[in-house]
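Data first, discussion second: the structure below is written as structure tokens.
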Amino acid sequence: MEDYYHSFNGYLRQKFGDRVQRLSLDAGLGCPNRDGKISREGCIFCNEKAFSPYAGGGLTLRRQIEESMEFARRRYKASKFIAYFQAGTNTYGPVSKLKETYGVIRKYPDIVGLYISTRPDCVDEKKLDMIREFSGDYEVWMEYGLQSAHERTLKFTNRCHTFHDFVRAVNMTFERGIKSAAHVILGLPGETTEDMLKTAEKISGLPVEAIKFHALHVLKDTKLADYFERNDIRLLSQDEYVSALCSFLERVPPEVVIFRIVSDAKQEYLIAPRWINRKEAVIKAVNSEFERRSSRQGRYCKRSFG
């Protein structure tokens with residue numbers, strides 16, 4: 001099958017030549033958008049228990065790593081691993097604590113990557129300088145939760161950071177030779193297709209090297225669930241999502257790695273839409289849409305940096 005976008009699996013195969021599996025970890029670092037430092041409400045769509053296997057479980061990092069590695073070896077025949085600090089804001093803390101936290105991975109020679117998911121307003125030069133120290137032994141990525149480039153959307157979703165915060169974080173990361181990825185949600189309340197494509201264009205003007213896509217979905221125990229129950233928001237259908245995603249990817253540089261084209265969630269927490277958990281069907285639909293358009297990632301993109 002023709003590759004219409006630069007998939008993460010393809011990237012890993014090319015770089016490591018073997019099966020590499022991400023280990024989703026919870027370091028217990030918390031989030032300033034929930035503990036009162038900047039807000040106690042959190043993002044309107046967030047419930048970590050719906051996507052992070054260890055969120056709030058209290059297991060040590062070593063236990064999480066060892067359990068996850070054993071499972072991945074048995075299920076996927078994986079031989080190399082990426083430590084993915086997923087749950088919470090994984091640069092939220094003093095440099096000394098963060099260095100100790102990430103340093104746990106040094107005990108495991110089969111770990112080849114360090115991926116850190118965080119908020120763009122929770123990094124600074126000292127933290128990134130420390131993280132750069134891991135680059136000699138690991139492939140290091142910073143994953144920044146942007147979701148949208150539009151300030152009105154960031155305010156409505158209670159992100160409590162700005163697009164400028166994201167730009168600043170990406171540029172500081174790039175200056176240190178660390179790779180960065182942007183998390184983007186398609187179908188956010190009040191956003192049109194044109195709004196989503198504007199986010200694509202703004203990201204494409206920055207030294208962002210990967211994008212992870214989420215379809216807006218409703219999880220139990222979130223403020224978004226309240227809006228949904230009152231019919232105050234509308235969710236994208238699978239066809240609408242696929243169309244918006246392909247148009248977005250057409251404006252993304254072809255060398256940018258696509259970490260994921262659609263989000264999923266545990267069934268017991270997912271309210272709607274249910275189609276997001278049918279990932280193979282979504283991937284097939286994306287490929288079919290690109291084939292129909294005779295198009296691919298990067299068709300309409302011109303990088304404006306470097």
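Laboratory data are not the source of any read-out in this text; all were calculated from the coordinates shown. In this text the structure is predicted, and so the values were computed from the model without any measurement. Here the Cβ is made from the backbone with ideal geometry for all residues, glycine too, and neighbour counts use every protein chain on show.
Some points to look at:
- Residues 302, 127 in ascending order of nearby Cβ atoms (within 10 Å, fewest first): 302, 127.
- Estimated distance in nm for a label pair at residue 39 and residue 70, the labels positioned 7 Å out from Cα along Cα-to-Cβ: 3.9 nm
- Ascending count of other beta-carbon atoms within 10 Å, so fewest first, for 156, 81: 156, 81
- Amide H to amide H distances under 5 Å link residue 143 with 116, 117, 118, 181, where only residues 5 or more positions off or on other chains count and H is placed in the peptide plane.
- Between residue 226 and residue 137, the simple spin-label model (points 7 angstrom out along Cα→Cβ) gives 4.6 nm.
- Of 271, 82, the sequence from fewest to most neighbouring Cβ atoms within 10 angstrom is 271, 82.
- For the chain, cysteines whose Cβ has no other cysteine Cβ within reach (under 4.7 Å): 31, 122, 160, 246, 301
- Choice from 109, 120, 253 with maximal GNM fluctuation in the chain (Cα, 10 Å cutoff): 109
- Using the Karplus relation 6.51 cos²θ - 1.76 cosθ + 1.60 with θ = phi - 60°, the per-residue 3J(HN,Hα) values for segment 242-250 come to 4, 5, 5, 4, 5, 5, 4, 5, 4 Hz, with x marking Gly and Pro.
- Placed amide H near residue 91: partners under 5 Å, 5+ positions off or other chain: 119
- Under Karplus coefficients 6.51, -1.76 and 1.60, residue-wise ³J(HN,Hα) of segment 75-90 in Hz, glycine/proline x: 7, 10, 6, 6, 10, 10, 9, 10, 7, 9, 7, 9, 6, x, 10, 8
- Beta bridges from DSSP with both residues in the chain: antiparallel share about 5 percent, rounded to the nearest 5.
- A helix-only calculation puts the chain at -10500 deg cm²/dmol for mean residue ellipticity at 222 nm, using -39500 (n - 2.57) for each DSSP H run of at least four residues, averaged over all residues.
- The chain: relative contact order in percent, alpha carbon pairs under 8 Å with at least 6 residues between: 19 percent
- Counting charges near residue 87 (Lys, Arg +1; Asp, Glu -1) among other residues having Cβ under 10 Å from its Cβ returns a value of -1.
- The string of couplings for segment 180-191 from the Karplus curve (6.51, -1.76, 1.60, θ = phi - 60°) is 10, 10, 10, 8, 10, 9, 9, x, 5, x, x, 8 Hz, one whole number per residue in order, with x for Gly and Pro.
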